[in-house]
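Have a look at the structure below, then the notes.
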Amino acid sequence: MNIYPAITTGNNSNWRDKFREIDYLRIEEVAVFPTLLEKSDRKNLYQLIKESSIKKIPIVHLRTDMDIEELDFFAKKYDTQIFNTHSSKEFPISEKWLRDYRELISIENTHNTPFEESELNKYGGICLDFSHLENSRILETERYNKEVEIISKFKIRCNHISAIKEDFSFIDAEKRKLRYDSHDLGNHTELDYLKNYPVNYFSDFCAMELSNNLIEQIEAIAYINSFMENRDSFIKTMIE
C-alpha cells in the first residue's frame, strides 16, 4: 500500500501555496486533483508542476472538460498510473480519453452515483473513496450493502482518503442529507474509521483527498501507516 499526499483544488485547499511546501520539502511524488479548476487555472497548475521538484504523479482525478493532451501530460511526463473519474451519469466521459487510457481509468463512488456493474465493466476498475463509502455505511445501509457486493467483484485500482467527522460535517442542501465525510481533517482520529475496512480494500495507489497542507497530510499518512502496520503484524501473528 502506498499513500500519497495530494494537491487538491477544492475550497480552502490553497493549491498554489502547496507548491511552496513541495519545493521546501523536496517532494517528488504527489497525487493531483485538478477537479475544480477551469482550463486557464489548469495551465497555471501544470506550469507550477513543471517548475517544481515533482517527478511522479501516480494518481490524477480527471475533470470532464480535460483534453487528451492533458492526460498525455500526466501519463507521459509524470508516469501517471491511474486516472479516476466520476460515473458518466454524473459527468460525461470523453471518448478521446478511452482511445489511449481506458484501462487506466477507474470509476469513483460518489454521493450522487453509486457503483454500477455495467459501467465498471467498461473501464480499468474501481476508485474506492473510503469516506464516501463510510458515509453510506452510516446513513444509507441499503446502498452500502449493494456497493460492498459490487466491490467484491472488481479490482480496486486506487483509493481516496478523507476524514469522517464525529458529528455530521454539513447538510447537502441539494439532497437535504447529512454528511459525515469531509476534505478538512481536524485530527487524526477522524481517520480511525479506516481500521474497520479489510486490507484488500487498500490499493497500491492511495491518495489523500484533503484540503490540509502537505505537512499535515504527511503526518496523517504516517498515522495511517502506523495502525496499518500494527494490524498487519497482528494478522501475521494469528496466522502463525
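The numbers here are math on the coordinates, done by the rules we state, and not lab data. Just so you know, these numbers come straight off a predicted model, no measurement behind them. Cβ coordinates were reconstructed from backbone atoms using ideal geometry, including for glycine residues, and neighbour counts include every protein chain displayed.
With Cβ to Cβ distances under 10 Å as the rule, what net charge do the other residues near THR8 carry (K, R +1; D, E -1)? Here the count lands on 0. Per q in 0.11, 0.15, 0.16, 0.18 1/Å, what log10 I(q)/I(0) does a Debye calculation on the alpha-carbon atoms of the stretch 48-145 return? Here the Debye-derived log intensity ratios amount to -0.37, -0.64, -0.71, -0.85. Cross-link pairs exceeding 30 Å between alpha carbons, from the set LYS50/LYS195; LYS18/LYS195; LYS146/LYS195; LYS56/LYS146; LYS76/LYS195: LYS50/LYS195; LYS56/LYS146; LYS76/LYS195. SER87 sits among other residues whose Cβ lies under 10 Å from its own Cβ, and their net charge, with Lys and Arg +1 and Asp and Glu -1, is -3. Cβ-Cβ distance of ASP23 and ASN2, R₀ of 22 Å, FRET efficiency by 1/(1 + (r/R0)^6): the value works out to about 0.50. In order along the stretch 178-190, the phi-based Karplus estimate (6.51 cos²θ - 1.76 cosθ + 1.60, θ = phi - 60°) of 3J(HN,Hα) comes to 6, 9, 9, 7, 8, 8, 10, 8, x, 8, 5, 5, 6 Hz; Gly and Pro are listed as x. Converting phi to 3J(HN,Hα) with the Karplus coefficients 6.51, -1.76 and 1.60 and the offset θ = phi - 60°, the stretch 14-26 yields 6, 4, 5, 5, 5, 6, 5, 5, 4, 6, 5, 8, 6 Hz in sequence order, with x at every glycine or proline. Under 5 Å between amide hydrogens, built in the peptide plane, is the criterion, and for GLY125 it picks out ILE107 among residues at least 5 positions away or on other chains. Under the combined filter of DSSP loop state and at most 12 neighbouring Cβ atoms within 10 Å, the stretch 30-86 retains these GluC sites (Glu not before Pro): GLU38. Converting phi to 3J(HN,Hα) with the Karplus coefficients 6.51, -1.76 and 1.60 and the offset θ = phi - 60°, the stretch 99-104 yields 4, 10, 10, 3, 5, 8 Hz in sequence order, with x at every glycine or proline. Counting only aspartates and glutamates at least 8 places from LYS89 when in the same chain, those with an alpha carbon closer than 16 Å to its own are ASP65, GLU108, GLU116, GLU117, GLU119. Put simply, the stretch 3-239 fits an ellipsoid with semi-axes of 26, 22, 19 Å; these come from the alpha carbon gyration tensor as the roots of five times its eigenvalues, largest first. In whole percents, the pair-distance distribution calculated for the stretch 1-107 from its alpha-carbon pairs, binned every 10 Å from zero, is 14, 50, 31, 5, 0.
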